[in-house]
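Take a look at the structure set out below.
The values are calculated or read from the model by the stated rules, or taken from the named source; none is laboratory data. This structure is a prediction, so every number in the text was calculated from the model and none was measured. Don't worry about glycine lacking a Cβ; one is built from the backbone with ideal geometry, like all the others, and counts go over all protein chains shown. Note: areas computed on protein heavy atoms with side chains; ligands, DNA, RNA excluded. Shrake-Rupley method; radii C 1.70, N 1.55, O 1.52, S 1.80 Å.
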Amino acid sequence: MKIIVATGNMNKLREMREILGSDNVTLTCLKDEGLENVEIIEDGKTFEENAIKKALTIAKVAGVPVLADDSGLVVDALGGEPGIYSARYLGRDTSYDYKNQYIIDKLAGLEGDERSARFVCACAVAWPDGKVITTEGVIEGQIGFEIKGENGFGYDPIFYLPERGMTTAEISAEDKNEISHRGRALTAMYEKLKQEGLVL
Ligand code: ITT
């Protein structure tokens, strides 16, 4: 079974393959399908709305069911920023070293729970006829005091898990996938897809 993922983010795709990939399930991305130039307008107000927009736009072009992920970092002390704008925050091409240090600096003087944050992931599968199913996953944490760790991507080096004493860039990929927003949303989606008969 092949599932097209409406993403251009190779880090996401890697994690999605680690979480969902098996002998039965192969995930391909827009580039693999020659669909990387299809315009997807991400103007939703929520992660879920944007996930649906990505999946539905591509499903209509590809003519088969398509999976999408819209995700981001929500920092309470920043009024929920960067949120749905996580990829575009401070400019899409700005380095994550810069974005991460900027967030740390904005939280100067805050301690413990005042630094609360979460990663949120909405997944959508859309069919060409407009049918859609969605799931959501969340992982709670805090913004660390320094950039730490080489694993993961994006905001992982500042996403600190107090109970582990490490960021999601310090834990292994396997551990991250077990507890992450993406891991949770995709595991829930897999169950729904089984009920739909789309996967075994
Ligand atoms: P696609 O829309 O092509 O899938 P994108 O990167 O533009 O790729 P989003 O709009 O969903 O996707 O933005 C997600 C951003 O949120 C991502 O670029 C990271 O900055 C951040 N993010 C999401 N999940 C993350 C994770 O597991 N670890 C670190 N940062 C994450």
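Trypsin sites (Lys or Arg not before Pro), restricted to the stretch 9-52: which are DSSP loop and have at most 13 other Cβ atoms within 10 Å?
For trypsin sites (Lys or Arg not before Pro) across the stretch 9-52 that sit outside H, G, I, E and B with at most 13 neighbouring Cβ atoms in 10 Å, the list reads LYS31, LYS45.
What is the dipole size for the stretch 6-142, taken about its Cα centre, with +1 at each Lys and Arg Cβ and -1 at each Asp and Glu Cβ, in debye to the nearest 20?
Result for the stretch 6-142 is approximately 300 debye, rounded to the nearest 20.
Quick one: net charge of GLU150's neighbours, Cβ under 11 Å, K/R +1, D/E -1?
-1
How far, in degrees from 0 to 90, does helix 10-20 lean away from the longest principal axis of the Cα atoms of the chain, to the nearest 10?
With rounding to tens, the tilt is 70 degrees.
Taking the Cβ of LEU30 as the center, what net charge do the other residues with Cβ under 13 Å away carry, scoring Lys and Arg +1 and Asp and Glu -1?
So the environment of LEU30 carries a net charge of -2.
What number, in percent, do you get for the relative contact order of the chain if the mean sequence gap of Cα pairs under 8 Å and at least 6 apart is divided by its residue count?
20
Can you grab the distance from the C-alpha centre of the stretch 121-200 to the C-alpha centre of the stretch 91-106, Å, no decimals?
Computed from Cα coordinates, the inter-centre distance equals 21 Å.
Would you please name the trypsin sites (Lys or Arg not before Pro) within the stretch 145-200 that are DSSP coil residues with at most 14 other C-beta atoms within 10 Å of their C-beta?
Passing sites in the stretch 145-200 are ARG164.
Would you tally the net charge around ALA117, using a Cβ to Cβ cut-off of less than 13 Å, leaving ALA117 out, and scoring K and R as +1, D and E as -1?
-3
What lysines sit close enough to LYS31 to cross-link, taking a C-alpha to C-alpha distance under 21 Å and skipping anything fewer than 8 places away on the same chain?
Counting by Cα, and skipping residues close in sequence, LYS31 has these lysines nearby: LYS2, LYS12, LYS53, LYS54, LYS60.
Below 14 Å, Cα to Cα, which aspartates and glutamates can LYS99 reach? Residues fewer than 8 away in the same chain don't count.
Leaving aside aspartates and glutamates fewer than 8 places away in the same chain, those within reach of LYS99 are GLU81, GLU146, ASP156.
Amide H of SER86 versus every other amide H placed in the peptide plane: which residues, excluding those fewer than 5 positions away on the same chain, fall under 5 Å?
Result for SER86 returns LEU73.
Of all the accessible heavy-atom surface of the stretch 6-146, with the other protein chains kept in place and a 1.4 Å probe, what percent is carbon and sulfur?
Here carbon and sulfur together make up 47 percent of the probe-accessible area.
How much mean residue ellipticity at 222 nm does the chain get from its helices, if each DSSP H run of length 4 or more adds -39500 (n - 2.57) and you divide by all residues, to the nearest 500 deg cm²/dmol?
-9500 deg cm²/dmol
Indicate the gyration tensor shape class of the stretch 108-171 (rounded, prolate or oblate), computed on the Cα atoms with a ≥ b ≥ c the square roots of the eigenvalues: a/c under 1.5 is rounded; otherwise a/b larger than b/c is prolate and the rest oblate.
Here the stretch 108-171 falls in the prolate category.
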